[in-house]
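All remarks here apply to the structure that follows.
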Amino acid sequence: MSADADARPDAVQQEPSPWVARFAPMVPEGGTVLDVACGSGRHARMFRDRGHPVVVLDRDVVQVSDMAVDPDVEIVARDLESGRPWPLEGRTFAGVVVVNYLHRPLFPALVRSVAPGGVLIYETFAVGNERFGKPSNPDFLLHRKELLIAVRPELQVMAFEDLEEQVPRPAVRQRVVAVRAG
Ligand SMILES: C[S@@+](CC[C@H](N)C(=O)[O-])C[C@H]1O[C@@H](n2cnc3c(N)ncnc32)[C@H](O)[C@@H]1O
C-alpha cells in the first residue's frame, strides 16, 4: 500500500517544496542527491539544475523517464514496501530528500544513507491532517516529533517544523533538516 496512496488529491506538483528549496544549498556542492519516492522528480530536477548528480527512486518511474537521457541521473524502480532489502544498501549520498511519503520501516535506511557531511531533508503530513482531508490514514501521518526521534542521535538536527498551515491549503505537516557530522 502506498504510504501516500490517499495523499494525491492535488494535481502533480511540479514546483519544488519551499522547504527543500530553502535548504538545498546545505547539500555539499556537486554531491549526489537521492530523491526517495520521487514522483515527478520535482526535487531531483531542482538538484540537477543546481549541478548535483541525482538518484531517483520510486515504484513508478514513468514520470521521470525523460531524465534517463541524462548521464548524471540514475533511475531506480523499486517497491519500497515489498519487504525486500533497501535497494541502495552500502551507498551514501550528499543529500537524501523525502517529500510526501511515509513508510516507517525505511527510517533507519534513510538515515544511514546520509554521507558524512550530508543532509537529510524530509517533509510530510502529520497527525491532525485528518481534520483537513487526505492523507487521513494514521499510517501516513507522522506522530508529534517523530522525524526528530527518527534522525537522532545519528544526525544533527538543523531545522524542524511541526505545524498546522493554511497555505497552499490547510494541512498539518512536519519537516526536518538534519546533517551527519563530516
Ligand atoms: C505523493 S507522491 C510524492 C512525490 C514526490 N516526493 C513529490 O513530493 O513530488 C508519493 C510517491 O510515492 C511513491 N510510492 C508510493 N508507494 C511506494 C512504494 N511502495 N514504493 C516506492 N514508491 C512508492 C508514489 O509512486 C509517488 O510517486
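Secondary structure note: in the stretch 22-179, about 45% of the DSSP beta bridges are antiparallel.
At 1.4 Å probe size, with the rest of the protein present, what percent of the exposed accessible area of the chain is carbon and sulfur atoms? For the chain, the apolar C and S fraction of the accessible surface comes to 53 percent.
Think of a 1.4 Å ball rolled over the protein heavy atoms: the chain then has 48 Å² of accessible area per residue.
Dividing the mean sequence gap of close Cα pairs (under 8 Å, 6+ apart) by how many residues the chain holds gives a relative contact order of 20 percent.
Binning all Cα-Cα separations of the chain at 5 Å, short to long from zero, yields these whole-percent fractions: 1, 8, 18, 22, 22, 17, 8, 2, 0.
The values are calculated or read from the model by the stated rules, or taken from the named source; none is laboratory data. Remember, predicted model here, so these are calculated numbers, not experimental data. Side chains are part of the model used for accessible areas, which takes the heavy atoms of the whole protein and leaves out ligands, DNA and RNA. Shrake-Rupley method; radii C 1.70, N 1.55, O 1.52, S 1.80 Å.
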